[in-house]
1. How large is the charge dipole for the chain, taken about the Cα centre, if only the Cβ atoms of Lys, Arg (+1) and Asp, Glu (-1) carry charge, to the nearest 20 debye?
2. Using a/c under 1.5 as the rounded threshold, could you call the chain rounded, prolate or oblate? The axes a ≥ b ≥ c are square roots of the C-alpha gyration tensor eigenvalues, and prolate needs a/b larger than b/c, oblate otherwise.
3. Which of the listed residues, L51, A66, Y84, is farthest toward the dipole's positive end in region 46-85, when Lys, Arg count +1 and Asp, Glu count -1 at the beta-carbon?
4. What is the distance in Å between the Cα centroid of region 95-120 and that of region 1-36?
5. Just reorder R68, R107 by solvent-accessible area, largest first, 1.4 Å probe, all chains present.
6. Using per-residue counts of other Cβ atoms within 10 Å, averaged over each peptide, order 93-101, 80-88 from highest down.
7. With the contact rule set at Cα under 8 Å and sequence spacing of 6 or more, what percent relative contact order holds for the chain?
8. Keeping all protein chains in place, calculate the accessible area per residue for region 4-100 (probe 1.4 angstrom), answer in Å².
Amino acid sequence: NQVPLVFTELRIGNQAIVPGAGTAIATSIESAPPVRLRHDEDLVSIGFAALDYRRAPGLSFRYRLAGRDADWTPADPRRPMASYTGLSSGQYRLLVEALAGDKVAGRAELDITVLEAPWFGLWARVG
């Protein structure tokens with residue numbers, strides 16, 4: 001039985017992000033929408049949780065940002081969150097796993113795009 005995992009919050013620069021036009025997410029973070037960050041949004045934190053409350057006390061979590069991290073990072077089980085600073089422009093995928101002992105009990109993924117700084121755009125490449 002897989003444990004359902006959800007993303008619970010998105011914080012940029014230590015500010016909670018409300019979905020909508022002009023923000024990093026179009027819909028609620030729980031639905032795992034693609035995240036689009038501007039080049040200057042360089043402190044991002046994403047919370048996550050298991051929805052199986054009977055099994056939650058025995059679970060641990062780990063995360064890895066594909067495109068940046070080679071290894072898994074254990075998360076604090078009291079407040080599971082992945083935090084990153086200084087992401088370069090590009091495509092990433094946040095991978096989160098819930099572990100029951102040494103077995104993977106649940107997985108979740110979130111696509112993240114960091115937009116290129118405007119001064120690295122087409123005109124900067126022409127020269």
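1. 180
2. Taking the square roots of the gyration eigenvalues as a ≥ b ≥ c, the chain is prolate.
3. Checking the options against the dipole of region 46-85, the answer is L51.
4. Distance between centres, Cα-based: 12 Å.
5. My answer, sorted largest first, is R107, R68.
6. The peptides rank, most packed first, as 93-101, 80-88.
7. Worked out over the chain, it gives 28 percent.
8. Here the per-residue accessible area is 55 Å².
The values are calculated or read from the model by the stated rules, or taken from the named source; none is laboratory data. These numbers come from a predicted model, not from an experiment. FYI the Cβ positions are ideal-geometry reconstructions off the backbone, even for glycines, and counts take in every protein chain you see. Just so you know, the surface numbers come from the protein's heavy atoms only, side chains and all, with ligands and any DNA or RNA stripped out. Shrake-Rupley method; radii C 1.70, N 1.55, O 1.52, S 1.80 Å.
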